[in-house]
Amino acid sequence: MKITLSTGRVIEAKEGESILISLKQAGIFLTSSCGGKGICGKCKVIVQSGDVESKSHIKLSSEEIQQGFALACMTTPSGDITIDIPKQSILTVEGQIVTGKSKDLLGLLHSTGVDIDPLSERIVLKLPKPSLDDNISDLERLKRELFANGLGCLRVPSRFMSNLARTVREKDWEITLSAIHSEDCYEITNIFPGNRKVPQYGIAVDIGTTTIVV
Ligand code: FES
């Protein structure tokens, strides 16, 4: 069976295989935040000609169904078909992930199947309180706790040293470290009193020759 795209490209489709899978095997990736379970409604295509079987029309309005919209993950061709892929369903163009229109960026990234393993993370630690028998410095206490948690070495920029004593005591020796992991060592980028695991925000800026993407 063949699936002809509105661009003129023709791809092979195996019997019983969803349009989403056939497209994927041809290197065309649609946004599929739910992983092809027919829940997110992101993998819409428009069937322009030919017969298809759709297991679900969830998230499609009756108008869309009339216009030929179908969920690519829930739809299998019954013969040769022609489809159009709306812009908002396309995940990659020439190998580049198209994220500009995505409201659900995390879902979109998960749908690519990659492991999300950021360099930066937040580490919550409960330090043991000092006592007459355990009277090492606050910094040594922090390093010892990281080591006990299997977190290896630690670099603490000197700007945090002046506040460290106050920060660790403010929430009864519970602290959150913002850290960047590199070369088997943690570099502290911030220290907060208490458990501040969430929220954590990040920003990436790609400065290209013609475009800046934030
Ligand atoms: S991938 Fe989510 S509905 Fe098709």
I'd like the orientation of helix 161-170 relative to the chain: the angle between its Cα long axis and the longest Cα principal axis, in ° from 0 to 90, rounded to 10.
80 degrees
How would you rank 180-186, 163-169, 74-80, 41-47, highest first, on the average number of other Cβ atoms within 10 Å across their residues?
41-47, 74-80, 163-169, 180-186
Can you list, by residue number, the Cys in the chain that have no neighbouring cysteine C-beta under 4.7 Å?
CYS43, CYS73
Pairs of alpha-carbon atoms within less than 8 angstrom and 6+ residues apart define the contacts here; what relative contact order does region 120-193 have, in percent?
40 percent
Given the candidates SER120, GLY202, THR176, the one whose Cα lies deepest towards the positive end of the charge dipole of the chain, counting +1 at each Lys or Arg C-beta and -1 at each Asp or Glu C-beta, is THR176
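Determine the alpha carbon to alpha carbon distance for each of LYS42/LYS197; LYS2/LYS55; LYS44/LYS197; LYS14/LYS87; LYS87/LYS197 and list only those over 27 Å.
Working: LYS42/LYS197 30 Å; LYS2/LYS55 20 Å; LYS44/LYS197 36 Å; LYS14/LYS87 25 Å; LYS87/LYS197 36 Å.
Over 27 Å Cα-Cα: LYS42/LYS197; LYS44/LYS197; LYS87/LYS197.
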Label-point gap, in nm, between SER61 and SER131 - each point 7 angstrom along Cα→Cβ
6.7 nm
Angle, helix 138-148 long axis vs. longest principal axis of the chain, Cα atoms, 0 to 90°, nearest 10?
50 degrees
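Since every read-out is calculated from the coordinates, none of them should be taken as a lab result. All values derive from a computational prediction rather than experimental measurement. Here Cβ is always computed from backbone atoms with ideal geometry, including for glycine, and neighbour counts include all displayed protein chains.
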